[in-house]
Amino acid sequence: MSSVRGDDAAYRPLIWRRNVRAWPDNVVHLWRRSLRFRTIAVTLVLSTLAILIAVTWTALAIQDDLFASRRDEVLLDAQRATIDAQTTLDSADTQGESSQIQSVWGGVRTTLYQQSSSDMIATFRIGEPSAAVDFSIGDFDTSIISEGLRQSVQADAGQQWWQSVALDASGTPGIVVGQQLIFPQVGAFEVYFAYDLAGASQTLGFVQATLWVVGVALVVLIGVIAWFVLRSVTTPIGEAALTSAKLASGDLAVRLPVRGEDELATLGQSFNAMADSIEKQIKELADLSLVQQRFVSDVSHELRTPLTTIRLAADMLNDRREEFDPATARAAELLSAQVERFEVLLGDLLEISRYDAGSVQLELEPTSLAQLAEDVIGQMEQVAEQHGSEVRVVAPGGYSPVDMDPRRVRRILRNLVGNAIEHGEGKPIVVTVDSNQNAVAVGVRDFGMGIREEHLEHVFDRFWRADPSRKRTLGGTGLGLAISLGDARLHGGDLTVWSRPGAGSHFVLTLPRHAAGLNGPSPIRLDPGEEGTLESFEHTQPIVTVRPAEHRPDAPEEGGVA
Ligand code: ADP
């Protein structure tokens, strides 16, 4: 996280905005990386959904129930008051006198007011006006009674009707109940009672608010519980993942702590047993490998002394072969050649055992790779001539000195050029040297038989040869490329190969300019592509050309070093 200087508050909104913009990415990252985050998020979303549905459903059910019970209550209340008033009217004997009618009507008004719990009552005469005039008790705005309700009441003498209304402009909820009153000898009246439901609405609001608070608290509680439960599972899983990674990276001594007897403890025990077994087997293999390395090294060393004696004797016999009969002379010649091969093999074996023992030291000195390549090719001129191959050097770069062990790089080049000559079928061989900011490289391209695709991955294996029975004229222990790759890696560089059967091969050795190692592409393209055909090379201007004697031009400048 970036730090903010205390005195420079102007940076703050900027960072905040950047952080906000990074949120979606952070959440996606967390979702993919953290099992705990994912499980808690899913638990919270699902439980929030479930609680939302449950709370809404409960709130609606309570609302319905509360309204229904209050409605029944007010209907009963209005009914009771109306019946009492009707009884008063039925028992009255007014004999049609106005004063009597008014007095009885006054009594009805009192009865209605006393018997009902509503303080808003109104009556309307149905038909002609009479001595019993319409009245309205309380703060009753009779315009809230809808025309529909009035018509229903007017039409049906025995039925009670009701309607939900807003009692005032502020929308106080209420119910208006209407019914008919029959005044014998006078006529029918509509009587309406208005009831205030604000109290019930308040109760409902309180209940709903409580439900929502409980719902939110439940979601938080579920989240906290999920976090704690998950922690008890994911912490050991995280530990196991970390320990496995350490084991995989070679730290064979790591083990998982085993607590209790549950499934996680069983996992820990199995993991530890596996780690024990791996450690034991690797140790056994390492011991065995050490014994083998020592054996190869010891045998190679032990063989050197007798081999030197044999070599001297073979050379002596070979030198005097003219004195022998032809069969013995041939045997002396063969003996000398095979002893030479034996010496090369022994030298390679000793080198390989030095790699295995990790006792190889580079002797670095600033060296020009281009000049080294020219040097090696010059030395191999004779062999190239014998095979009828022309070796060209194309060196656009690689002259400036780079730290390397020239003895080893020379050996790599000798091996690559030697292989190219041996497998190049007498066609030209092109050695390219080039460099870039990070590396210097040399590519050895031949147009010979090439290597089959299935063999390509084995060319750097020890003792591997495409055709072990093939006639061998140049060393040929099968260790050459293995040693070359070892030398290249020791420099922090690489040795790579491209090859097509019939089109030839291209080996590229890349060495880093600096001790930091290779960190970019090689200056020489491994796949030679269209420009890498034999025809395209016919047009190149070689900087050095080593040709077989019979093709060598008389003019010396064509073979000069640039
Ligand atoms: P060797 O001593 O046999 O040359 P190397 O390790 O140098 O051993 O090479 C291993 C094998 O790789 C060779 O035997 C040969 O089959 C194959 N190989 C190497 N270079 C080439 C090449 N330029 N063209 C074709 N095959 C090659």
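The values are calculated or read from the model by the stated rules, or taken from the named source; none is laboratory data. Fair warning: this is a prediction, and the values are worked out from it, not measured in the lab. Here the Cβ is made from the backbone with ideal geometry for all residues, glycine too, and neighbour counts use every protein chain on show. Each accessible area value is taken on the protein alone, full model and side chains, heavy atoms only, with ligands, DNA and RNA left out. Shrake-Rupley method; radii C 1.70, N 1.55, O 1.52, S 1.80 Å.
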Quiz item: Do the conditions hold for residue 215, that is, is it at pLDDT below 90 and of a type outside the set (Asp, Glu)?
Solution: no
Practice problem: Considering each residue of region 160-175, count those that are free of Cβ contacts under 8 Å to residues at least 24 places away in the same chain and either more than 16 Å from residue 72 (Cβ to Cβ) or of a type in the set (Asp, Glu) (or both), and give that number. | Solution: 4
Practice problem: Scan region 266-305 for residues that are without any contact (Cβ under 8 Å) to a residue 60 or more places away in the chain, open to solvent by less than 60 Å² (accessible area, probe 1.4 Å) and of a type outside the set (A, V, I, L, M, F, W, C) and jot them down. | Solution: 268, 272, 277, 300
Quiz prompt | Selection count, region 431-466, where residues are assigned to a loop (DSSP other than H, G, I, E, B) and away from the ligand (no atom under 12 Å from the Cβ) | solution = 3
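Taking region 246-259, which residues are open to solvent by 60 Å² or more (accessible area, probe 1.4 Å) and free of Cβ contacts under 8 Å to residues at least 24 places away in the same chain? Give the derivation first.
Kept after step one, since they are open to solvent by 60 Å² or more (accessible area, probe 1.4 Å), are these residues of region 246-259: 246, 248-249, 251, 253, 255, 257-259.
If the condition is that a residue be open to solvent by 60 Å² or more (accessible area, probe 1.4 Å) and free of Cβ contacts under 8 Å to residues at least 24 places away in the same chain, then 246, 248, 249, 251, 255, 257, 258, 259 are the ones that fit.
Quick grid of which residues meet (1) surrounded by fewer than 16 Cβ atoms within 10 Å (Cβ to Cβ); (2) in a helix (DSSP H, G or I):
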position: 327; (1), (2): yes, yes
position: 331; (1), (2): yes, yes
position: 342; (1), (2): no, yes
position: 345; (1), (2): no, yes
position: 352; (1), (2): no, yes
position: 362; (1), (2): yes, no
position: 375; (1), (2): yes, yes
position: 409; (1), (2): no, yes
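Report whether or not residue 407 is more than 16 Å from the ligand (Cβ to nearest atom), at pLDDT 90 or above and not polar (S, T, N, Q).
On the way: more than 16 Å from the ligand (Cβ to nearest atom): yes; at pLDDT 90 or above: yes; not polar (S, T, N, Q): yes.
For residue 407, the condition - more than 16 Å from the ligand (Cβ to nearest atom), at pLDDT 90 or above and not polar (S, T, N, Q) - is met.
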Self-check item: region 26-46 residues that are β-branched (Val, Ile, Thr), paired with ones that are modelled with pLDDT under 90 and part of a helix (DSSP H, G or I) (beta carbon under 6 Å, 6 or more apart)
Solution: 39/230
Practice problem: With the checklist (1) surrounded by fewer than 20 Cβ atoms within 10 Å (Cβ to Cβ); (2) assigned to a loop (DSSP other than H, G, I, E, B) in hand, flag the one item residue 414 doesn't pass. | Solution: (2)
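Would you confirm, using the coordinates I've provided, whether residue 365 is more than 22 Å from residue 443 (Cβ to Cβ), more than 16 Å from the ligand (Cβ to nearest atom) and more than 44 Å from the chain's Cα centre (by Cα)? I'd like the intermediate steps shown before the answer.
Details: more than 22 Å from residue 443 (Cβ to Cβ): yes; more than 16 Å from the ligand (Cβ to nearest atom): yes; more than 44 Å from the chain's Cα centre (by Cα): yes.
It is true that residue 365 is more than 22 Å from residue 443 (Cβ to Cβ), more than 16 Å from the ligand (Cβ to nearest atom) and more than 44 Å from the chain's Cα centre (by Cα).
Each row is one residue, and each column tells you yes or no for (1) more than 22 Å from residue 206 (Cα to Cα); (2) open to solvent by 60 Å² or more (accessible area, probe 1.4 Å).
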| position | (1), (2) |
| --- | --- |
| 47 | yes, no |
| 61 | no, no |
| 76 | yes, yes |
| 81 | yes, no |
| 85 | yes, no |
| 90 | yes, yes |
Quiz item: Do you know which residues across region 474-513 are open to solvent by 20 Å² or more (accessible area, probe 1.4 Å), away from the ligand (no atom under 15 Å from the Cβ) and not in a helix (DSSP H, G or I)?
Solution: 491, 492, 494, 513
Quiz item: Consider residue 516 against the criteria (1) without any contact (Cβ under 8 Å) to a residue 40 or more places away in the chain; (2) assigned to a loop (DSSP other than H, G, I, E, B); (3) within 13 Å of the ligand (Cβ to nearest atom): it satisfies all of them except one. Which criterion is unmet?
Solution: (3)
Self-check item: The lone exception for residue 57 - which of (1) in contact (Cβ under 8 Å) with a residue 60 or more places away in the chain; (2) assigned to a helix (DSSP H, G or I) it fails
Solution: (1)
Self-check item: region 386-403, residues that are more than 11 Å from residue 441 (Cβ to Cβ) and in a strand (DSSP E or B)
Solution: 391, 392, 393, 394, 403
Exercise. Run down 428, 396 and say which single residue is touching an Asp or Glu at 6+ places or on another chain (Cβ under 7 Å), outside the structural domain of residue 344 (by TED's automatic domain parsing), away from the ligand (no atom under 11 Å from the Cβ) and open to solvent by 50 Å² or more (accessible area, probe 1.4 Å).
Key: 396
Exercise. Output the residues belonging to region 199-245 that are without any contact (Cβ under 8 Å) to a residue 12 or more places away in the chain, among the small types (Gly, Ala, Ser) and either surrounded by 13 or more Cβ atoms within 10 Å (Cβ to Cβ) or farther than 15 Å from residue 39 by Cα (or both).
Key: 199, 205, 209, 217, 238, 241, 245
Practice problem: Kindly indicate which of 349, 372 is more than 24 Å from residue 499 (Cα to Cα) and within 16 Å of the ligand (Cβ to nearest atom). | Solution: 349
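Evaluate region 176-186: report whether one residue or more is of a type in the set (Gly, Ala, Ser), open to solvent by 30 Å² or more (accessible area, probe 1.4 Å) and touching a helix residue (DSSP H, G or I) at 6+ places or on another chain (Cβ under 9 Å).
Of the residues in region 176-186, the ones of a type in the set (Gly, Ala, Ser) are 178.
After this cut, where a residue has to be open to solvent by 30 Å² or more (accessible area, probe 1.4 Å) as well, the list is none.
No, there is no match, as no residue in region 176-186 is of a type in the set (Gly, Ala, Ser), open to solvent by 30 Å² or more (accessible area, probe 1.4 Å) and touching a helix residue (DSSP H, G or I) at 6+ places or on another chain (Cβ under 9 Å).
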Quiz item: Only one of (1) under 41 Å from the mean Cα position of the chain (by Cα); (2) within 30 Å of residue 364 (Cα to Cα); (3) touching a residue at least 12 places away in the same chain (Cβ under 8 Å) fails for residue 446. Which number is that?
Solution: (1)
Quiz item: Of the residues in region 403-439, how many are touching a Pro at 6+ places or on another chain (Cβ under 7 Å) and not acidic (Asp, Glu)?
Solution: 4
Quiz prompt | Within region 102-139, tally of residues that are in a loop (DSSP other than H, G, I, E, B) and crowded, with 20+ Cβ neighbours inside 10 Å | solution = 3
